[in-house]
1. Does ALA39 meet the test of being among the aliphatic types (A, V, I, L, M), in contact with a helix residue (DSSP H, G or I) (Cβ under 6 Å, 6 or more places away or on another chain) and at pLDDT 70 or above?
2. Taking the criterion of being basic (Lys, Arg) and outside any strand (DSSP E or B), would at least one residue in the stretch 231-254 satisfy it?
3. Kindly list the number of the only condition in (1) surrounded by fewer than 19 Cβ atoms within 10 Å (Cβ to Cβ); (2) at pLDDT 95 or above; (3) not assigned by TED's automatic domain parsing to the domain that holds THR235 that fails for SER289.
4. Under 25 Å from the mean Cα position of the chain (by Cα), under 30 Å from VAL188 (Cα atoms) and outside the structural domain of PHE182 (by TED's automatic domain parsing), is that true of THR271?
5. Any idea which residue in the stretch 362-384 is farthest from ASN31 (Cα to Cα), counting only those that are more than 19 Å from the chain's Cα centre (by Cα) and not hydrophobic (A, V, I, L, M, F, W, C)?
6. Across the stretch 268-296, which residue is nearest to ASN244 (Cα to Cα) among those that are touching a strand residue (DSSP E or B) at 6+ places or on another chain (Cβ under 7 Å) and small (Gly, Ala, Ser)?
7. Could you list, in sequence order, all residues of the stretch 348-370 that are at pLDDT below 70 and either in a strand (DSSP E or B) or farther than 26 Å from LYS92 by Cα (or both)?
8. Among THR46, THR63, THR70, which is β-branched (Val, Ile, Thr) and at pLDDT 80 or above?
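The values are calculated or read from the model by the stated rules, or taken from the named source; none is laboratory data. It should be emphasised that the depicted structure is a prediction, and the values quoted were computed from it without experimental measurement. Heads up, the Cβs are rebuilt from the backbone with ideal geometry, glycines too, and the neighbour counts pull from every protein chain shown.
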Amino acid sequence: MSNQIETLMPKIVSRGLLSLREKAILPRLVNSSFSDEAAQHGDHITVPISAPIEVQDVMPSHTPPEPENTSVSHQTISLDHWKRASFYLTDKEMMQIDAQEQFLPLQMAEAIQALATAVNSSILGLYPQAKHQIGRAGKTPFFPADMTAKVALEGTGAAIAARRLLNQSHAPKTGRFGVLDFDAEANVLAIPEFMDVSKSGSMAIAMEGEIGRRFGIDWFSVDMVARSPKQEAVTKLTAAAPLNATVIQVAQSSGSLVPGTLFHFADDAETTYLITAIEEGVSNTKNLSISPAIKSAIANNKRLVLDRNIPVNLIMHRDAVALAMRPLSHAGLETGAGAHMMSVTDPDTGLSLRLEVSRQYKQTVWEFDILWGAAMVRPEWAVRLYG
């Protein structure tokens, strides 16, 4: 049995890594820091971040000007995501893996899918830190043109609005991408400017069946984007909110409010606000930091209506998010008698995957685990698109 396991491990971990590469879309899109150096949960990785440079006037002189400070800034990322997925293999499946080069057991595929979803979700879950937003909670973007709609995001409007925000934030033209849920993607597929070759000017859709690059943005769909919290709470303003306010005062709610919550004010469902931070106030009140700023003055006692479980799509530049992934260290792990471990890093994507095999009573357990961390480092280059 031991010799069979040692023979199968390279095949299983390599096929698992290929599957992870295919399903973990976000790590291939964002700014990533990968290394072969092993690490442990809780370690911190320093990732270089580009900094803007200002041009200077040229003034001829006998004294040369002092050189500008062009040192690259850095962001510290904690490797705080450590996820595992285990499965069992029958003797028959182990024989098939050994004999068939492309065979991937069903439960092994499920384990890889779970890990890929976890990595994608950790990046998509950074949405509260994005500086910009478009759309309205409860309204799937890219919906067909509707003359009665008050939000001008029908058709290609969402893509154009996102492009404008990224342009205004001086995000580089290359490296922009959008990640949509399947409902938003379904709407996109009905838009001629995206799918009609005669209007899009690209043959990629007809040849590959993918959305591809439109309006300077590469579009992808995933099985699960981030969603706003499901918490229920009832609260109202305890002080009027003036125009352009970014902090509002509310009564102590009867439920729980958490950062990332979406809401709108009663009688105004067109404007969606996001809670970015919560601080305790005086006399049973809370101070909520919100985004965007209040668009029109709100009277005291106005009720907040929570928008729960709303999908949040993301459109951003690759350098908006930094991802750090490291192969897991074996140090300090009690593998037990007869346990086997193998770690491998994909040379193309940098994704690292570890496989651990342990023998239990009359059965063998196979377990994948991965270690990574992610942070929003350029929030001005990210846009929330509500669904």
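1. Working: among the aliphatic types (A, V, I, L, M): yes; in contact with a helix residue (DSSP H, G or I) (Cβ under 6 Å, 6 or more places away or on another chain): no; at pLDDT 70 or above: yes.
No.
2. The initial filter retains those residues of the stretch 231-254 that are basic (Lys, Arg), namely 236.
Restricting the remaining residues to those that are outside any strand (DSSP E or B) gives none.
Among the residues of the stretch 231-254, not one is basic (Lys, Arg) and outside any strand (DSSP E or B), which makes the answer no.
3. That leaves (3) as the condition not met.
4. So THR271 passes the test.
5. Start the filter on the stretch 362-384 by keeping residues that are more than 19 Å from the chain's Cα centre (by Cα), which leaves 362-369.
Cutting the leftovers down to not hydrophobic (A, V, I, L, M, F, W, C) gives us 362-364, 367, 369.
On the way: LYS362: 45, GLN363: 41, THR364: 38, GLU367: 28, ASP369: 22 Å.
Per the stated criteria, the residue is LYS362.
6. So the residue we want is SER291.
7. So in the stretch 348-370, the residues at pLDDT below 70 come out as 348-349, 362-363.
If the condition is that a residue be at pLDDT below 70 and either in a strand (DSSP E or B) or farther than 26 Å from LYS92 by Cα (or both), then ASP348, THR349, GLN363 are the ones that fit.
8. On the way: THR46 fails: at pLDDT 80 or above; THR70 fails: at pLDDT 80 or above.
None of the other options fit; the residue is THR63.
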